[in-house]
């Protein structure tokens, strides 16, 4: 029999206002096992905790029930208290009489009656509690960063600086991500390449960082501190360690008509290519979809001109398996496809472009060397219309775009408009907006400058239709403030497309058992207090994979994720949650039902010798739970047909005792 | 809302990560629901053994509700899918035994849905109260 | 292949060509168009209010007939197609409306909501196939520059009509190309001609029609093709410089069915 | 019916949730009859949302809508302004004596080529 102490908290008037706390303490005194019962104003205060500690010693308590706020609030506090008084912390149970009682019920008799029942259930549970000891697991001191954009690069650099080795896995042939494609950055207008490329070089030169470019994560196993990840290094048909990046092969490749994805298809590249001049690693890659040698076995020109002998047409994909203590997801974003918004004629005219295409068109390293011209005829545009919120803030039932605000479009559109007016004062620039959202340091000032100093026409309203007629784009729009329907003959229309998580995020989340929201953004462990951690232990989030964000926000989140990783990797060992499944080997019949439902692969089967009553030896197949891998969901306990599987801390008999106490 | 002054006994199993937190949020926002609802915390809705539901009815509960994370949002990835299937089977069996479908329910309540939690409990308590006392499965030997 | 055919009143009066050539072409393509017996006028426009029942019953009768015969329900007139398809959608999504409609009809066979509705164009695309039509063309319309005119009713509301991308449709163009003619792109092809206002506000109807045919003309078309009698009337009434013909006529011409004996 | 009841009736028979509107004005940007209207599609939605029904019911704008569904398709919020316009129009003509057009008005504006479609739909849209 347990010796249980009951401690009823007033929480000032939060509980005592609707619950007669004395009556609760009094009523619970008569429950089986209870040897001490009291109430106090603030149980979580130092004085309150001392009451608990003293009672544990004085009454030789073996179990504690605290009737107070939610266990999500102070369970940890009271467990610590118990442990300081020498009691196993898992002998403490909380009856939630604040959030789930005093705050939701109005009158004292009702509140008191329910509080007593909740206390009774907690007492019934503690009667069946058993001391639990957390296990320990080793921490592998190496981190994996998935995604090599600015988020991934920054996270990797910060972790590497703390002295831990990091691998960056990037699916493209170079790191750099979206930021490498941008021209200038708001609101300071520094050039994106000038601030990004030194970081890319730093990453390449840092001895703690290994860049696995043109690679993808294929399989993830293990758990916090000890993940095992399989990475597919795709064949690039060029020996990375030998290639000097001289570009001779690119120059000689006869396959000249490959759409250049770095410039969003606005110009062409060769079948063997280096994405851009500052690529890291600066190594050529052969595109197997276009290379004649790989497709038909005819050509081989690049191998002939490569003096280093780096070309290898026989290269195969390579699988690398590595162990990591922590994983950072930095898979970033993409602009959405504009196919469903053809009222803006994106698929009907070359001169209707997306904002990212506009970035490339104004970038000195872009397809036009930075000269802003119409893609259709190379002429200088005189009237440019920018349309904001294309696909953002769409209602779900409209089934076209995204429900959320993409956050970055207001600012980059202001930047595009301002830069256009600055460089080409002869252009008329219209921006159609629903709301201009500029919360950020110097953001609104920036937008106002576009209007006041650069004369950008901001029109409150939306564009309804863009009609390509001859070489003009007829834009029909509303100006809600003047109450007019506007008809503008534009030369160029720029659509601020909504952004969405990269398509690789969803399968990755499944591999990591990390949760996502309905928009495929990764979910944080807590939206306010744990913004860079995934609810899955050991998985951290960096950048736009968690939600739309601009560069400064991405960089600060990247740093925050790195500091969380470092905090994990400096530990040699981790304590594990003791509330894990446990199989009673004598009852287990080896059916594998539990193994099949376990989402973590924590259950394995072993053949074990059993000594039978007649002293004979029998070998039986029984389930074994790896407590370091088990997360304690309990799916297996219900699947088990023989009742062998149970969950520590939430044993079947404990829950049944609670049910009985409530239904008494 | 008691019907004819009758107050039902309702057992609610709530998963620790979503629904229990949703119930806490209902409390934080002071959203009322009947005190007839008593919550039992489980790590995941998939920890709820059909046996627990049967036990509750045997001991005189008038309604049992199981709340978990929304499909796809389970903290343990897939636990709530197990719950959905298991309970669909159990409830149809209970229906066969004469425990009306309305006395059993599975609901998805996220940690952010305090209002939904309260609304769900109000609705469920009202429905169960309108059915009156559960006599079918109650084991009178359990009554003192 | 057999289909149930709902011609609609305009096709029996002012738009007899649309009907005639639809039948002839179908014959040439090996499709049997069985006219629904005692069909009733669709009402010309779908009344979107969800408590409006009586005006939608004629559509449900036609739908029920097609369901009974396990055949696709085919319409040629854009307006009939729009009304019948929207009515079917409401029947299948609004249980209160469904109940009322079933009560009103008080018929022995209750419509279950399962009819498959095809516009003639969709029938050509989905049940025959444009490649198949291309093979059957005997007099290709080589050299013709056709501006297809969708108008509004075929495409919108897209969530119900689901014929094609409402902002950049291709179905009509594909047909024209299958017939051997050149399909001329012009941006007003899916904008409203103002037809429904033609009775009341001639000026507005004229303004809208003009913007359509001028757009088609400046794109270099020699003919405008439509599926809607009202669009055709409106464009011609408002002095379209280009001839406006029904798509079925072009189809019959290309299939060599136009000059067949007039039965 | 007072204003509030009219508002509720309009929302009920249209099935529209006017509160979904985020005031982007895309419906008015897209409307082919914009220039003929006193109140434009986005104003319709706003006036129904705020209960400014009487002015709306008295407006000739109701009969300028071309039923082209462009506002329905292009609205990013799924508001369906057309259905509101139609509901307000019906509220008007369902009241006895409020027909916008009667059978006697029709012959004078008819011409020989007018398709049946236009005539029957005029009866649907303007009379009861």
Estimated FRET transfer efficiency (residue A:201, residue C:106; beta-carbon r; R0 60 Å; 0.05): 0.15
Average beta-carbon neighbours from other chains, 10 Å sphere, peptide C:40-47: 6
Tail fraction, Cα-Cα pairs, the protein assembly as shown, threshold 40 Å, whole percent: 61
Antiparallel %, DSSP beta bridges [both residues in chain A], to 5: 55
Among B:22, B:132, B:68: highest mean-square fluctuation, GNM of chain B, C-alpha pairs under 10 Å: B:132
CD proxy at 222 nm, helix term only [per DSSP H run n ≥ 4: -39500 (n - 2.57); per residue of chain B; nearest 500]: -12500 deg cm²/dmol
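Report, for region B:6-86, the % of DSSP beta bridges that are antiparallel, rounded to 5.
Within region B:6-86, antiparallel bridges account for around 0 percent of the total.
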Region A:1-154 pair-distance distribution - Cα-Cα, 5 Å bins, rounded %: 2, 10, 18, 20, 16, 9, 5, 4, 4, 5, 4, 2, 0
Order of D:9, C:203 under a 10 Å beta carbon neighbour criterion, fewest first: C:203, D:9
Zone residues, region A:180-198, relative to residue A:277, backbone N less than 12 Å from point 7 Å out along Cα-to-Cβ: A:194
GNM top mover of C:230, C:199, C:251 - chain C, alpha-carbon springs below 10 Å: C:199
C-alpha center-to-center spacing [region A:96-139, region D:7-81] in angstrom: 54
Among C:196, C:149, C:213: highest mean-square fluctuation, GNM of chain C, C-alpha pairs under 10 Å: C:196
Packing-based exposure ordering (other Cβ within 10 Å, fewest first) of A:107, B:73: A:107, B:73
Whole-Å distance, taken between Cα centres, linking region B:1-76 and region C:110-135: 51
0 to 90° range, to nearest 10: angle between helix A:108-126 axis and chain A longest Cα axis: 80
Centroid-to-centroid separation of region C:188-263 and region A:497-543 [C-alpha atoms, Å]: 53
DSSP bridge orientation in the protein assembly as shown - percent antiparallel, rounded to nearest 5: 40
Region B:10-135, relative contact order in percent, only Cα pairs under 8 angstrom and at least six apart counted: 38
Relative contact order for chain A, counting Cα pairs under 8 Å that sit 6 or more residues apart, in percent: 13
Within chain A, helix-based [θ] at 222 nm, where runs of 4 or more DSSP H residues each add -39,500 (n - 2.57), nearest 500: -8000 deg cm²/dmol
Acute angle (nearest 10 degrees) that the helix A:150-161 long axis makes with the longest principal axis of chain A, alpha-carbon atoms: 60
Sum of -39500 (n - 2.57) over DSSP H runs of 4+, divided by residues of chain D (222 nm, nearest 500): -14000 deg cm²/dmol
Helix axis angle, A:443-452 relative to chain A longest principal axis, alpha carbon, degrees: 30
Fewest-first ranking of A:542, A:652, using other Cβ atoms within 10 Å as the exposure measure: A:652, A:542
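Taken together, the values in this text are just the output of simple stated rules run on the coordinates, not laboratory data. On a predicted model such as this, the values are computed, not experimentally measured, just so you know. All Cβ positions, glycine included, derive from the backbone under ideal geometry; neighbour counts span all protein chains shown.
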